[in-house]
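Just so you know, all these numbers are worked out from the coordinates, no wet-lab data involved. Everything numeric here is computed off the predicted structure, so don't read it as measured data. Please note: Cβ atoms are built from the backbone with ideal geometry, for glycine as well, and neighbour counts cover all protein chains shown.
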Amino acid sequence: MPPSIRRLSAAALLACALAAPAAAAEPFTAEQKSALEALVRDYILRHPEVILESVAGMEARQKAGKDAAAAAALVEHRQALERSAADPVLGNPDGDVTIVEFFDYQCGYCKTMTGPLMELVRDDGRIRLVLKEFPILGPESALAARASLAAGRQGKYEPFHMALMGLRGRLNEGAIWQAAAETGLDLDRLRKDMAAPEVAAVIEANYRLAQALGIEGTPAFAIGNALVPGAAPREHLAGLVQKVRDGGG
């Protein structure tokens, strides 16, 4: 009998032995329990790979469950994800596929993704890019998010967004205001709009949506039925876009 079959048979017998108390009229005696524990220990010592196989199987089941839950959440919250009138939209507003990005202006990975992401949107020509302000890295992040949404009220969301994403080093209030001035924003109006309840409401809605989707970090992308946590190669995002177009995503 091949070794793999012997291991399977031994594991099956062991499982039956472990299940026996539930079906037996009487529990194991102390001697029987001791013998069974010795059998289990001996089997594990001779076949430690079964522990790794068990852990791998458990992790696979957990991942499958998490993926299924995320896919269901994406379907449930599709309207809020892709069609909220309060969210900035770049790329083609009438595009056939929507990419949603949750991001933070202090997130280095978000900054790294900005170039490849915008190139994909530009080169494709049919992508709607919905940007979800998700400031989770401190008060400067929250200030930048409010400023960006307020800049949208002056029709300058995209240039200001790109200016902030292009900043290097630690984000601070001075850098935010300098970027606003260089973008040509009316700073007095910007300050007023940043305090508007509607601006705060957009960010709060993004927090709730992220929680519903299990998003805990940035960047995070939603494309069709796929949720992509963390930075991803442009080719991977492009593949997910094509999957949606093919009707499988």
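List of remarks:
- Taking θ as phi - 60° and the Karplus parameters 6.51, -1.76 and 1.60, the scalar couplings of segment 107-113 work out to 7, x, 5, 4, 5, 5, 7 Hz in sequence order, x denoting glycine and proline.
- Fewest-first ordering of Leu74, Leu237 by other beta carbons within 10 Å of each residue's beta carbon gives Leu74, Leu237.
- Euclidean distance of C-alpha centroids, segment 177-198 and segment 69-141, integer Å: 22 Å
- Total charge dipole magnitude, the chain, about the Cα centre, Cβ charges on Lys, Arg, Asp, Glu only, Debye to nearest 20: 160 debye
- Distant-in-sequence amide contacts of Gly249, defined by a placed amide H-H separation under 5 Å and a gap of 5 or more residues or a different chain, comprise Val244.
- Karplus-derived HN-Hα couplings along segment 168-178 (A = 6.51, B = -1.76, C = 1.60, θ = phi - 60°), whole Hz, x at Gly and Pro: 10, x, 5, 6, 9, 4, x, 5, 5, 5, 5
- Residues Val50, Val121, ranked from the fewest to the most other C-beta atoms within 10 Å, line up as Val50, Val121.
- Helix-only mean residue ellipticity at 222 nm for the chain, each DSSP H run of n ≥ 4 adding -39500 (n - 2.57), per residue, nearest 500: -20500 deg cm²/dmol
- Computed from backbone phi, the HN-Hα couplings of segment 88-100 come to x, 10, 10, x, 9, x, 9, x, 8, 9, 10, 9, 10 Hz, rounded to whole numbers (Karplus: 6.51 cos²θ - 1.76 cosθ + 1.60, θ = phi - 60°; Gly and Pro given as x).
- Long-range HN-HN contacts of Ala220 with modeled amide H, under 5 Å: Phe102, Gly230
- The amide H of Asn92, built 1.01 Å from its N in the peptide plane, has Ile127, Arg128, Leu129 as neighbours under 5 Å, considering only residues 5 or more places off or on other chains.
- Protection proxy ranking, highest mean first, for peptides 112-119, 197-204: 112-119, 197-204, where packing is the per-residue count of other beta-carbon atoms within 10 Å, averaged.
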